[in-house]
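What follows is a set of notes on a single structure, which appears directly below.
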Amino acid sequence: MHPETRDGKVVQVRKKSIPEICLILSGPFTPTQKAKVFKKTKIDWSHVKNALLWLKTYNQLYADVDAETYINVTPRIVDESESVASGNNNIEDVYEVFAVFPDNNVPHHTTGGCENSGELKELTIKHLLSKENCKEVSLISRPTRNILRDYQGDNLLLAFPVLFPYGLGSRDANDEPRLGTGYLRHLCCLSERNFHQATWVCILYNMLERQRLIRASYLKTREEEREMFCQISCNDIAGAMARYTDNVFGNHPADIFLRRMRAMTGSLSHCAGAARKARQRMFAMTAALGLPCVMFTVTPEDGINFRIRVMFKGEKGSETPPNFVFDEETLRTFISESEHIRFDHPGLCAIDFENVIGITVEHILGWDLNKNINKPGYGFFGDLDG
């Protein structure tokens, strides 16, 4: 803040803050280690400028960014370290880095700028119940030890700017927010390789499962559905249960109610409840059809997988897979690159696994996944009972 005189009055004008990068050295450092740190903190601003110009061109959230503001920013080194002699060991090659990103915005009541927690709660409830905020609101509270910050609004686009290079993030062409599990599933199936990195797919899957958990925790019905459900009899429920057991899809109100209840009482994927349900289904199938006589398993290889390399290359395509006439160095390079793709883009491995399992079940076992029935005379092991 600095004073300026306007029309005979002294006003306070807030200067535009210039981004700053600070490097704080703390703890014991040998001369060699400190020299390595200084070398690692050098920044090639031509690369930074090109990246900012790319985001400014293709990402709507960076349209107003002044790239020139960042060009003269250099890391400021705050040396609080202690000089020590070298111990002739590999400790000089070990680095522990902690990154801190401060919020330069002025705190206010919506960001926690209150004197105490009670005041923050009162202002939060007042803000939720205000007419300017929305017409109808629901406030749900539960005890928790952790604070969960969700990717709301444009936060998903801000956190992953490269994944949405053309501004198509959390809002559509009509500036309407994209919400729900359908949009999250759509993001899981995009072919762009950046959408299959571990940092992205783990966060996205966490969001998807939490959405499913919230949707399954209560039963939402329309007015006409509520009236239909109130008229369901015991015989209707028995008939719906029989149709469900026989894998027959029904449109009776009892069938709809049964599907809703199954969704509400379902388990999250890959949890203990889901594993218990899978075991129960296996035991039920064994009790109904008998013990299996053939153990058949498929394990796709992710480490050296040319299909995954093709998906990784995207529109650029991929090279011809190497064969045994290639020299040993070429084969080693191919294996090393495939391993890096596997670790850096696990989502591509998951897509390939689903494709292989789907092809195996339908074309080798001869089972129609859509109709959940056997394909007569199709499978390698004959007709399947279940």
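Values as computed for the structure displayed
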{"item": "Charge dipole (the stretch 229-311, unit charges on Cβ, about Cα centre) - positive-most of 252, 232, 297", "result": "297"}
{"item": "Trypsin sites (Lys or Arg not before Pro) restricted to the stretch 304-386 and DSSP loop, no more than 16 other C-beta within 10 Å", "result": "371"}
{"item": "Per DSSP, loop trypsin sites (Lys or Arg not before Pro) in the stretch 24-53 with at most 15 further Cβ within 10 Å", "result": "42"}
{"item": "Cα-based shape type of the stretch 264-386, given that a ≥ b ≥ c are square roots of the gyration tensor eigenvalues and the cut on a/c is 1.5", "result": "prolate"}
{"item": "Area of residue 299 that stays accessible when all protein chains are in place (1.4 Å probe, Å², to 10)", "result": "120 Å²"}
{"item": "Distance between the stretch 36-61 and the stretch 348-382 - C-alpha centres, whole angstrom", "result": "47 Å"}
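The values are calculated or read from the model by the stated rules, or taken from the named source; none is laboratory data. Source: prediction; values computed, not measured. Note that we place each Cβ from the backbone using ideal geometry, even for glycine, and neighbour counts take in every protein chain shown. Surface accessibility is based on the protein's heavy atoms, side chains included, excluding ligands, DNA and RNA. Shrake-Rupley method; radii C 1.70, N 1.55, O 1.52, S 1.80 Å.
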